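The values are calculated or read from the model by the stated rules, or taken from the named source; none is laboratory data. Note that the coordinates shown come from a computational prediction; the quantities given were computed from them, not determined experimentally. Cβ placement follows ideal geometry from the backbone for every residue including glycine, while neighbour counts extend to all protein chains displayed. Each accessible area value is taken on the protein alone, full model and side chains, heavy atoms only, with ligands, DNA and RNA left out. Shrake-Rupley method; radii C 1.70, N 1.55, O 1.52, S 1.80 Å.
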Amino acid sequence: MCGEQLARAGHQVRIFDEHLAWEKPCGGGLTNKAINYFPFLLDNPYPKKLVHAVDLIASDEQRVTMKMKQPIVIYSRTVLNGMLLKRAQEAGCTVQRSHVIGVDTASQKPRFCVEGEWCQADYLVLAAGARNQLLPETRPLQRDELEMTQGYFVPQTADAITIKFLPHFEGYIWSFPRQDHLSVGICGSMSAHTSTELRSHLGEFVEQHKIPTGNAKFYSHVLPSPQERTFSQRPVLGRNWAMIGDAAACVDPLTGEGLFYALRSGELLGRALAEGCPEKYPARVKAAFSAELEFAARIVRRFYRGSFLGTSVPTRMVQFMRKSPVFRQLVGDLFSGAQDYTSLKQRVLGHLGISLSQFVSSVLNFEPPRVARAPRGSNAGD
Ligand SMILES: Cc1cc2nc3c(=O)[nH]c(=O)nc-3n(C[C@H](O)[C@H](O)[C@H](O)COP(=O)(O)OP(=O)(O)OC[C@H]3O[C@@H](n4cnc5c(N)ncnc54)[C@H](O)[C@@H]3O)c2cc1C
């Protein structure tokens with residue numbers, strides 16, 4: 001996305017990726033927010049699955065189904081990466097399958113090493129993902145800024161997304177149906193859980209849901225789970241380099257959504273560079289979405305570890321969703337990206353009844369509304 005912006009503005013861009021279009025471990029789900037912002041993600045002939053329903057399962061097995069007006073669009077990453085690389089090539093980028101061994105940003109012009117040769121550039125964009133080892137003048141993401149993931153690509157199809165919460169667990173299990181297979185996996189905080197724990201939870205889930213993993217491909221990967229300090233303390237821009245996507249920790253720590261933020265950060269950096277002012281990139285990211293991600297970072301622990309009236313927050317959420325269509329719609333909108341976190345307070349206070357408002361206020365950590373008598377015939381408690 002970044003290369004495409006720059007090439008369209010007339011710059012010479014070289015893209016290096018050691019895999020190019022590959023099945024990067026991922027759910028591959030694009031929210032409504034991503035589709036609205038980048039309509040080409042829906043309007044194209046590439047194979048993808050449009051999903052309108054999400055089954056949420058609490059740790060005590062209570063269930064609820066959310067129906068979404070706007071679909072979640074799910075891609076195989078080989079297809080999605082291939083589409084983005086093709087767009088970049090058509091805009092004029094050259095694309096090369098190579099491993100970048102190192103970068104050196106000490107001189108005026110930065111250098112990078114591929115195929116045993118050091119080459120010079122005017123500017124380096126580092127988009128090497130969550131396992132990024134190319135760290136000029138910045139630090140790697142630490143354990144408490146990462147999530148572990150494990151999963152399977154299973155040759156089977158389904159029509160709904162499944163999300164399952166677990167007791168005392170900072171993360172969740174998911175099953176994302178793609179066109180001809182499922183991506184089923186688990187994510188959990190790296191500082192709170194071990195890989196053995198993850199594997200055992202996932203094993204129980206696939207067994208219980210009769211998902212055959214005998215011929216399935218197993219994967220594991222890491223996912224940034226930024227803390228508030230990640231955004232304020234970790235540089236993602238220097239004199240002649242910048243980071244985007246997972247390398248810059250542009251991921252929602254509550255949901256693990258990273259595709260939209262990777263695309264958007266790439267676009268923002270590409271535009272800032274094309275205008276000749278890359279120094280504007282961090283402020284533009286902040287204005288576009290990092291306030292949202294910081295908000296999610298503030299509530300993530302309370303969401304997974306907190307309780308409301310003696311029951312864990314995810315279980316209470318499922319219970320309330322079963323009872324209230326209004327609340328179910330609100331969570332559906334949050335999930336699909338139609339509702340952002342930062343304007344949630346207004347919507348909650350305006351539209352939910354007292355117990356639901358108190359529940360959401362306790363998770364989001366804002367002052368709950370004062371108890372007022374509902375007018376006769378009101379369905380505000382819904
Ligand atoms: C299991 C899992 C499930 C997920 N599910 C979802 C989901 O459903 N929806 C969502 O929005 N997000 C999801 N995410 C997050 C999403 O996958 C990432 O946020 C997104 O891929 C980030 O894009 P990126 O381009 O920054 O990094 P990546 O997609 O990781 O791409 C980095 C690229 O850099 C290349 N590379 C790395 N090092 C080098 C090197 N030294 N030389 C050359 N090339 C190199 C790699 O080959 C790779 O292609 C998930 C993540 C995981 C781990």
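Based on this model, can you work out whether Pro282 counts as crowded, with 21+ Cβ neighbours inside 10 Å and either of a type in the set (Gly, Ala, Ser) or at negative phi (or both)? Judged against the criteria, Pro282 is not a match. Counting the residues of the stretch 214-242 that are in a strand (DSSP E or B) and not small (Gly, Ala, Ser) gives 9. Residues to consider are Phe260, Phe359; find the one that is in a helix (DSSP H, G or I), modelled with pLDDT under 95 and either under 30 Å from Gly3 (Cβ atoms) or touching a strand residue (DSSP E or B) at 6+ places or on another chain (Cβ under 6 Å) (or both). Of Phe260, Phe359, the one residue that is in a helix (DSSP H, G or I), modelled with pLDDT under 95 and either under 30 Å from Gly3 (Cβ atoms) or touching a strand residue (DSSP E or B) at 6+ places or on another chain (Cβ under 6 Å) (or both) is Phe359. Close contacts from the stretch 200-213, counting a first residue that is in a loop (DSSP other than H, G, I, E, B) and a second that is of a type in the set (Gly, Ala, Ser) and surrounded by 17 or more Cβ atoms within 10 Å (Cβ to Cβ), with Cβ to Cβ under 9 Å and a gap of 6+ residues or different chains, come to His209/Ser175; Ile211/Ser175. Ala121 passes every criterion in (1) open to solvent by 30 Å² or more (accessible area, probe 1.4 Å); (2) at pLDDT 95 or above; (3) more than 14 Å from the ligand (Cβ to nearest atom); (4) out of contact with any Asp or Glu (no Cβ under 6 Å at 6 or more places or on another chain) apart from (1).
Annotation note: of Gly116, Gly129, the sole residue that is within 22 Å of the chain's Cα centre (by Cα) and small (Gly, Ala, Ser) is Gly129. Of the numbered conditions (1) part of a helix (DSSP H, G or I); (2) crowded, with 17+ Cβ neighbours inside 10 Å; (3) more than 12 Å from the ligand (Cβ to nearest atom), Ala291 satisfies every one except a single condition; which is it? Ala291 satisfies every listed condition except (2).
How many residues are charged (D, E, K, R), at negative phi and either assigned to a loop (DSSP other than H, G, I, E, B) or within 14 Å of the ligand (Cβ to nearest atom) (or both) if we restrict to the stretch 124-168?
First, pick out the residues of the stretch 124-168 that are charged (D, E, K, R): 131, 137, 139, 143-145, 147, 159, 164.
Next, only the ones that are at negative phi stay: 131, 139, 143-145, 147, 159, 164.
From what is left, the residues that are either assigned to a loop (DSSP other than H, G, I, E, B) or within 14 Å of the ligand (Cβ to nearest atom) (or both) are 131, 139, 145, 147, 159.
Of the residues in the stretch 124-168, 5 are charged (D, E, K, R), at negative phi and either assigned to a loop (DSSP other than H, G, I, E, B) or within 14 Å of the ligand (Cβ to nearest atom) (or both).
The set of residues in the stretch 91-115 being open to solvent by 70 Å² or more (accessible area, probe 1.4 Å) and either within 14 Å of the ligand (Cβ to nearest atom) or not in a loop (DSSP other than H, G, I, E, B) (or both) consists of Thr94, Arg97, His99, Ile101, Arg111, Glu115.
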